[in-house]
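What follows is one structure encoded as structure tokens, with my remarks underneath.
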Amino acid sequence: MDGGMNGPIVPGMTSATPQAYRDGMAHVAGHVHVVTTAGAAGTSGFTAIAVASVSDDPPTMLVCLNRKSLNGGLIEANGVFAVNALPAGAEVLAETFAGRRGLAGADRFAFGSWSTLSTGSPTLDEALVSFDCRLAEVRPVATHIIVIGQVVAVRVGPAGAALAYFDRAYRPIPR
């Protein structure tokens, strides 16, 4: 079919409304992470799927989080954060840090075994890998902020399957 100047009409296509976008993103698998921060402003963490490598020289990564989250302000005030890639089987931890277990702030760290690397941000001992970051930049974009950090330390954890989120459910990704 010819859609004229805008290209072909594609079956199943819909306008990019917020709901259509969320429904579409449910078809994109993402590794589940717990992002943490600690410092003078407080200790907290949250579950994130929107995590990506930016560069390897210098090692840099980004995390996206909702502007309404208190965690963005804590990361900015503390100037540090850590990204912990969750192993399969860590659904309770993911739900805890997603705020679905009624805990907030430092109380969320009652689950899991935690230590620190260089910045003092909590790193999960069972994480497949933890990236310890110093805040480099914060960029507001639409309803979210992009937190960009320079990685100052990396700890590779035990080998195993990863925890992913796909089709609105946690799923293991075999090694």
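Since every read-out is calculated from the coordinates, none of them should be taken as a lab result. Everything numeric here is computed off the predicted structure, so don't read it as measured data. Don't worry about glycine lacking a Cβ; one is built from the backbone with ideal geometry, like all the others, and counts go over all protein chains shown.
Could you tell me whether segment 119-136 includes any residue that is more than 30 Å from Pro174 (Cβ to Cβ) and either under 14 Å from the mean Cα position of the chain (by Cα) or assigned to a loop (DSSP other than H, G, I, E, B) (or both)? So far as segment 119-136 goes, yes, one or more of its residues are more than 30 Å from Pro174 (Cβ to Cβ) and either under 14 Å from the mean Cα position of the chain (by Cα) or assigned to a loop (DSSP other than H, G, I, E, B) (or both). Flag set for Val28, criterion: in contact (Cβ under 8 Å) with a residue 24 or more places away in the chain, exposed (fewer than 14 other Cβ atoms within 10 Å of the Cβ), of a type in the set (A, V, I, L, M, F, W, C) and farther than 26 Å from Ala153 by Cα. Taking segment 100-112 as the range and being under 17 Å from Val32 (Cα atoms) and either exposed (fewer than 14 other Cβ atoms within 10 Å of the Cβ) or among the acidic types (Asp, Glu) (or both) as the test, only Arg100 passes. Looking at Val138, Val154, Val147, just one residue is out of contact with any Gly (no Cβ under 8 Å at 6 or more places or on another chain) and in contact (Cβ under 8 Å) with a residue 12 or more places away in the chain, and that residue is Val154.
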